[in-house]
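Encoded as C-alpha cells, the structure appears first; notes follow it.
The values are calculated or read from the model by the stated rules, or taken from the named source; none is laboratory data. Because the structure is predicted, anything quoted here is derived from the model rather than measured. Counting neighbours? That spans all protein chains shown, and the Cβs are built from the backbone with ideal geometry, glycine included.
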Amino acid sequence: MILIRGPDQARRIVDPEIRRLVEERFTQVVCGDNYDPEIHGEMIVVEAGDTLATLEKDSGCPIASNPFDDARWPDPGFVPACEYLEDHSRCYEMMFLFSDDGAGTNFIIPKQQGVDPELLTLCARYAVPVATSP
C-alpha cells in the first residue's frame, strides 16, 4: 500500500488517472489551507499483493466488517461501514470519516491484476457509479 499524507506525495502514484483523482481529493479537502494530516486525513492507494486483512489491520478501518452489527463480508447482512464507496473508471474509492471535521482515510483501490480479488468483489458489489461529464 502507498500511504499518501499530503498533496505533494501524490507524485508517487504511477497511474496518471488515479494520481489526478488523489490530487483532486486533496484540493477539495484542504480548501486552500496548508495540509495537516490530523485535520485532513490521509489516502491509501492499494497495491498488488495487499490483502483485505492486512489493509484493515494496518489502517484500522473496518473495510470488510461492520462494527455496528458485527456483520462481516461476505455475510448476506453485511453493509460497508464506509462513508461512501464509488466506482471510477480505473479504481474504486472508499472513504472512512473519523471526525465531524472531515478527517479520515480515503482508500483508492485500482482495478488491476494483482489487487486482492476479494476486495475488488466487495467494491464491485457495493460501489456506486460516478457520473461522468459529457
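For Glu23, indicate whether it is surrounded by 15 or more Cβ atoms within 10 Å (Cβ to Cβ), at pLDDT below 95 and either at negative phi or assigned to a strand (DSSP E or B) (or both). Steps first, please.
On the way: surrounded by 15 or more Cβ atoms within 10 Å (Cβ to Cβ): yes; at pLDDT below 95: yes; either at negative phi or assigned to a strand (DSSP E or B) (or both): yes.
So Glu23 fits the description; yes.
Pairing each residue of the stretch 28-54 that is of a type in the set (Asp, Glu) with any residue that is assigned to a loop (DSSP other than H, G, I, E, B), provided the two are 6+ apart or on different chains, yields C-beta distances under 8 Å for Glu38/Ala103; Glu42/Arg5; Glu47/Met1; Glu47/Gly114; Glu47/Val115; Asp50/Met1; Asp50/Val115; Asp50/Asp116. For Asp33, all conditions in the list (1) part of a helix (DSSP H, G or I); (2) modelled with pLDDT under 90 hold save one; what is the number of the exception? The one condition Asp33 does not meet is (1).
Within the option set Gly104, Gly114, being exposed (fewer than 13 other Cβ atoms within 10 Å of the Cβ), closer than 17 Å to Ile44 by Cα and touching a residue at least 12 places away in the same chain (Cβ under 8 Å) holds for one residue only, Gly114.
Taking the options Ile63, Ile44, Ile39, Ile18, name whichever one is β-branched (Val, Ile, Thr), crowded, with 16+ Cβ neighbours inside 10 Å and out of contact with any Pro (no Cβ under 9 Å at 6 or more places or on another chain).
Every option except Ile44 fails the conditions.
Residues in the stretch 49-81 that are of a type outside the set (Asp, Glu), in a loop (DSSP other than H, G, I, E, B), out of contact with any helix residue (DSSP H, G or I) (no Cβ under 6 Å at 6 or more places or on another chain) and under 15 Å from Phe107 (Cβ atoms): Thr51, Gly60, Cys61, Pro62, Ala81. Residue pairs whose Cβ atoms lie under 8 Å apart, separated by 6 or more positions or on different chains, with the first residue in the stretch 74-87 and within 16 Å of Glu118 (Cα to Cα) and the second assigned to a loop (DSSP other than H, G, I, E, B) and among the polar types (S, T, N, Q), are Phe78/Asn66; Val79/Asn66; Pro80/Asn66. Filtering the stretch 82-96 to residues that are in contact with a Phe, Trp or Tyr (Cβ under 9 Å, 6 or more places away or on another chain) and in a strand (DSSP E or B) leaves Leu85, Glu86, Tyr92, Glu93, Met94, Met95, Phe96.
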